[in-house]
1. Scanning the range B:73-104 for residues that are under 16 Å from B:ALA143 (Cα atoms) and touching a Pro at 6+ places or on another chain (Cβ under 8 Å), which turns out surrounded by the fewest Cβ atoms within 10 Å (Cβ to Cβ)?
2. Taking the condition surrounded by 14 or more Cβ atoms within 10 Å (Cβ to Cβ), closer than 23 Å to A:GLU125 by Cα and away from every other protein chain (no Cβ under 14 Å), does B:LEU70 pass?
3. Assess whether A:LYS108 counts as being surrounded by fewer than 20 Cβ atoms within 10 Å (Cβ to Cβ), of a type outside the set (Ser, Thr, Tyr) and closer than 24 Å to B:ARG126 by Cα.
4. B:VAL136 fails exactly one of the following numbered conditions: (1) part of a helix (DSSP H, G or I); (2) within 13 Å of chain A (Cβ to nearest Cβ); (3) more than 30 Å from A:PRO83 (Cβ to Cβ). What is the number of that condition?
5. Within the range A:17-52, restricting attention to residues that are part of a loop (DSSP other than H, G, I, E, B), modelled with pLDDT under 75 and not hydroxyl-bearing (Ser, Thr, Tyr), which residue is farthest from A:ALA119 (Cα to Cα)?
6. As an exercise: evaluate B:ASN145 against (1) at pLDDT 90 or above; (2) more than 13 Å from every other protein chain (Cβ to nearest Cβ) and give the number of the one condition it does not meet.
7. Do the conditions hold for B:ILE120, that is, is it in contact with a strand residue (DSSP E or B) (Cβ under 8 Å, 6 or more places away or on another chain), assigned to a helix (DSSP H, G or I) and surrounded by 14 or more Cβ atoms within 10 Å (Cβ to Cβ)?
8. Could you check, for the range A:38-59, whether at least one of its residues is more than 9 Å from chain B (Cβ to nearest Cβ), touching a residue at least 12 places away in the same chain (Cβ under 8 Å), β-branched (Val, Ile, Thr) and out of contact with any Lys or Arg (no Cβ under 7 Å at 6 or more places or on another chain)?
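The values are calculated or read from the model by the stated rules, or taken from the named source; none is laboratory data. Since the model is a prediction, treat every value here as computed from it, not as a measurement. Note that we place each Cβ from the backbone using ideal geometry, even for glycine, and neighbour counts take in every protein chain shown.
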Amino acid sequence: MSKFKKKKSSELPPVNTASLPDIVFMLLFFFMVATVMRDSTLMVNNSLPAADQIQKLDKKDRVMYIYAGKPSSRYVDKYGDQPRIQLNDKFASVSEVAAFVLAERASKRQELQNVLTTALKVDGETNMGLISDIKQELRKVNALKINYTTRVGEYSQNID
Amino acid sequence: MARRSSPQVNAGSMADIAFLLLIFFLVTTTIETDSGINRKLPPMDELIDPPIIKERNIFTVVVNKYNQLLVEEKPMEINEIRQAAIEFLDNGAGIGEEECSYCKGNKDPDSSDNPEKAVISLKNDRETSYKVYIAVQNELVAAYNQLRDREFRILYPNLGLSFVEANKRYSDPRTSPSEKENLKPKLSVIKLMYPQKLSEAEPSKTN
């Protein structure tokens, strides 16, 4: 009955895994390139308002960030639910802004110290009072270039 | 049913495909950059005698704590403010030395003399919401951009760009230095025609 016997085993050959490292490396490289490192963990809610007349904030080395907004849910117990300022990794009061700007400025290269921009990443639900206080502090230390960081979108998204 | 064994897949070219994909993603992904509205704060040292500006050259926008708008003493919805600002900036009522040759406004004697004189004053309350404030800022910047776009297209029609696009080109690090040199004087001409004079007054206290 050899007529019906199969010449070889019916099993499929094993999948060649020689290229698996390549695929893994490809994914690795992709994520390495596409991920933006966040240098400070956000402790405030930060849903930015929308705007469409915006300019890009290139050259990360000449930007310093000031975050503001309501503390995130796990910090509410400790810090309350009123909007607060976050500098680097910790909450700060308005009076600390000036010192922060001076420290940031001192940490940059000499030629960049005069062209620094302060990016205000402020949650949409914040009152202008806090922002005005920050702006006054920035004026005191002569950090006059600011950028209201927004996301891209129609202005009408800001109005409930 | 008799099955035929499938032949070994040649994996030699797999690495090539992987690298092809890698290079494709490398080229197409742009690292996310932040963007927003740039502003310049006024210096702290107060001017001893501030320049006298005629009332008709000031366009006052007030946002109160209920996020309502008051433009030139009249309540207004946010979607009307862009047009109102354009009409104010482009009015060009000045005569003689203050005449504005490129303005296309109504030449209303109660509105601005020319765009170089026109100042938009934005005032907000401490309890104004940031979202609404940004929306108003956005619309006022949009008014300037719209006028600048118009003049840019009239003055430099062969570039086929609007002012905003040209400005983006100019600030893009990938643009060649020769093109930047070419764009720079053109952009500054337009910026002088419609200078962005947007003053942010200190907020009023809520009583």
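1. Among them, the one singled out is B:CYS103.
2. Here the answer is yes, as B:LEU70 does meet what is asked.
3. no
4. The number of the failed condition is (3).
5. Only one residue fits best here, namely A:ALA18.
6. Of (1) at pLDDT 90 or above; (2) more than 13 Å from every other protein chain (Cβ to nearest Cβ), only one is false for B:ASN145: (2).
7. Answer is no for this residue.
8. Yes, some residue in the range A:38-59 is more than 9 Å from chain B (Cβ to nearest Cβ), touching a residue at least 12 places away in the same chain (Cβ under 8 Å), β-branched (Val, Ile, Thr) and out of contact with any Lys or Arg (no Cβ under 7 Å at 6 or more places or on another chain).
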